[in-house]
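Notes for the one structure printed next.
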Amino acid sequence: MNSARIVGRGVEASPIPSVTPVVFIVDDDVSVRESLELLVRNENWRPETFASAQEFLDRPRLFVPSCLVLDISLPGLNGLELQKRIAIDRPDLPIIFITGYGDVPKSVQAMKAGAVEFLTKPFSDETLLTAVRQAFERSRLALAQDAEMQELRTRYASLTSRERQVMALVVSGLLNKQAAGELGISEITVKAHRGQVMQKMKADSFATLVKLAAKLGVARQTSALPPRQQS
């Protein structure tokens with residue numbers, strides 16, 4: 001890497017609150033870890049270094065804009081294997097691979113699996129910093145989407161069992177009268193439940209409710225409906 005420091009600009013998080021982004025560095029070469037740590041600190045970001053993939057996996061997950069600068073060749077669990085683990089457990093964490101030699105097959109594999117960049121040493125500071133900024137943007141977007149889904153699941157969890165049944169039926173296209181027939185309840189009762197669903201889900205229109213249901217994967221499951229009864 002170029003020893004000269006190249007100053008980059010931090011990126012404001014939106015809609016994620018403004019917090020110091022974190023750069024995780026996993027490399028078994030202590031000199032590389034120290035060099036990258038200094039570079040990251042000079043950008044007013046927060047570095048965290050690890051000598052192995054397992055050390056990194058043992059670190060509790062952080063829900064802040066972050067990225068991982070990862071050596072592809074590591075003792076024990078290697079970089080590509082760690083990438084597979086992260087794809088399952090921490091999909092909001094973008095990866096920038098670094099390697100001491102050119103390896104086209106591995107670089108292709110890493111990029112296909114979603115890596116932000118694959119850098120071969122020596123690389124310039126600015127090349128790495130540019131990749132880190134791109135990774136932060138990707139991380140912010142993923143965290144925002146995750147927060148949105150979590151809020152949506154919280155709203156859905158606030159619905160009663162009957163309200164969920166009504167929601168599933170009406171978003172599948174059934175009229176209130178038809179939903180009432182499916183559930184064995186009155187149409188007036190369906191309308192009341194539907195109104196509660198709209199309020200609790202914070203849906204300003206039926207079209208919005210349909211979109212929210214699609215995001216949640218809510219679908220009509222007739223087999224799961226209770227026996228028809230008057231309510």
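Within the stretch 44-66, can you find the residues that are over 11 Å from VAL22 (Cβ atoms) and surrounded by 20 or more Cβ atoms within 10 Å (Cβ to Cβ)?
Those that are over 11 Å from VAL22 (Cβ atoms) and surrounded by 20 or more Cβ atoms within 10 Å (Cβ to Cβ): PHE50, ALA53, PHE56.
If you go through the stretch 34-56, how many residues are out of contact with any strand residue (DSSP E or B) (no Cβ under 9 Å at 6 or more places or on another chain) and outside any loop (DSSP other than H, G, I, E, B)?
Counting residues in the stretch 34-56 that are out of contact with any strand residue (DSSP E or B) (no Cβ under 9 Å at 6 or more places or on another chain) and outside any loop (DSSP other than H, G, I, E, B) gives 3.
Restricting attention to the stretch 111-156, which residues are touching a Pro at 6+ places or on another chain (Cβ under 6 Å) and outside any helix (DSSP H, G or I)? If you could, list the steps in order and put the result at the bottom.
Taking the stretch 111-156 and keeping what is touching a Pro at 6+ places or on another chain (Cβ under 6 Å), we get 116, 135-136, 138-140, 144.
Within the stretch 111-156, just VAL116 meets the criteria.
Being touching a residue at least 12 places away in the same chain (Cβ under 8 Å), surrounded by 13 or more Cβ atoms within 10 Å (Cβ to Cβ), of a type in the set (S, T, N, Q) and not in a loop (DSSP other than H, G, I, E, B) narrows it down to one of GLN165, GLN178, so name that one.
None of the others qualify; the one that does is GLN165.
SER139 is checked against (1) free of Cβ contacts under 8 Å to residues at least 24 places away in the same chain; (2) farther than 19 Å from LEU212 by Cα; (3) under 22 Å from the mean Cα position of the chain (by Cα) and fails just one. What number does that condition carry?
(1)
For the list (1) part of a helix (DSSP H, G or I); (2) at pLDDT 90 or above; (3) aliphatic (A, V, I, L, M); (4) within 21 Å of VAL32 (Cβ to Cβ), I need the number of the one condition that ILE86 fails.
The number of the failed condition is (2).
Any idea how many residues of the stretch 182-203 are without any contact (Cβ under 8 Å) to a residue 24 or more places away in the chain and over 26 Å from the mean Cα position of the chain (by Cα)? Working first, answer last.
Step one: of the stretch 182-203, the residues without any contact (Cβ under 8 Å) to a residue 24 or more places away in the chain are 187-188, 191-192, 195, 198-199, 203.
Narrowing the set further to residues that are over 26 Å from the mean Cα position of the chain (by Cα) leaves 187-188, 191-192, 195, 198-199.
Count: 7.
The values are calculated or read from the model by the stated rules, or taken from the named source; none is laboratory data. Bear in mind the structure is a predicted one, so any value in this text is a computation, not a measurement. Neighbour counts run over all protein chains shown; Cβ positions are idealised from the backbone, glycine included.
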